[in-house]
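Below is one structure; the comments refer to it alone.
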Amino acid sequence: MLTLFSTPKPFEGHIGIIQRNALVSWRLLHPEADIILFGDEPGTQEVCQELGLRHEPDVERTEDGPPSVRSLFGRAQEISRYPILCYSNCDIILGQDFRRAVERVSQWAPRFLMVGRRWDADIIAPINFTVPDWERMLREFTLKTGFQRLYYNIDYFVFPKGLYDDVPPLAVGRRWWDQWTVWKAAAEKAPVVDATDVVVAVHQNHDYSSHPQGMEGVWHGEGSKRNFELAGGWRHLHTIEDATYHLTDHAILPQRLYWLAPARRSLRRVVKSGKDFSRVKLWHPFLDATRWFRHALGLRHANVRFAWKKSVRRHELDR
């Protein structure tokens, strides 16, 4: 079976609801599932007692405040009841497709890392897990209304005990630590398996009020900058694009072009820099200079459509 571990935010308001949803879904993965919550945020002890989870209140904190990856992964590997572990963010609902994927990959190789892209969905209320087909209903709702995020959004990590040692004090809940975790597995010569095709991991949308500066603070604040430095920069950051294998309904197949992922990242950074320069130095001045003329002709962004642009349904942060 599997040991899942995480570190929650306070069990208050909307975030409290979606964290409970996630934890109950983990509990339903298997009657003997081992679940550990780290930290002493308000409500954590009570939820652990209610759901029969293990509580580890003492955790190393980073300068920015969140728990450190070193503390979570190190302690979880020490006290895990099972040889296979999974760190998941505490807002991710996991179902039986996830359990089956873990079983297949863990039987396939003794050392591995399994990751996958998530689906973002708007869930604002407690899920009724007593409904026999709750999982099918949630899956249909998510696939119909939600968004599958891109390769750099990594919210769960399945690995065998002992894979992660010598972990730097990266901050959970800030950027880059997840991508370092994927790089570390590859550096340890463990196959990295992308389970996106068979696992619908549901990320329940929420705000970023836990940080004083909101999303901007989480993404670009001092904690994320420090994570980037501790990780060792771009050379030690991988995404799901770097996975060496991918899991399908019938097999675990090699990813032939995974070695191109670093070149893709470098190219994207160059393209983004070029776009930013062109937008600020060329496009915006052009729009300002021609605004009166365009408005006189009724040429506004809202009523202009370009035939060569494909309509791709994608999350606003991934466009």
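Assorted remarks:
- Mean separation of Cα pairs under 8 Å and 6 or more residues apart, divided by the residue count, gives the chain a relative contact order of 18 percent.
- Count Lys and Arg as plus one, Asp and Glu as minus one, and take only other residues whose Cβ is under 13 Å from that of P42; the net charge is then -3.
- For C48, C86, order by how many other beta-carbon atoms lie within 10 Å, fewest first: C48, C86
- Surrounding net charge for D166, when Lys and Arg each add one and Asp and Glu each subtract one, Cβ distance under 14 Å: 0
- Over the C-alpha trace of region 2-256, radius of gyration and Dmax come out as 17.0, 48 angstrom.
- Cβ-defined net charge surrounding F141, 14 Å radius [Lys, Arg +1; Asp, Glu -1]: -2
- For region 137-158 versus region 34-93, the spacing of their alpha-carbon centroids is 23 Å.
- Fewest-first ranking of W283, W176, using other Cβ atoms within 10 Å as the exposure measure: W283, W176
- Measuring between alpha carbons in the structure, the pairs from K189/K272; K144/K275; K9/K275; K9/K225; K184/K225; K184/K275 lying more than 25 angstrom apart are K189/K272; K144/K275; K9/K275; K184/K275.
- FRET efficiency for the M1 to D97 pair, using the beta carbon distance and R₀ = 25 Å, is estimated at 0.90.
All of the numbers you see were taken from the coordinates with simple rules; none came from a lab. As the structure is a prediction and not an experimental result, all values here were calculated from the model. Because the Cβ atoms are built from the backbone with ideal geometry, glycine has one as well, and the counts that use them run over all protein chains shown.
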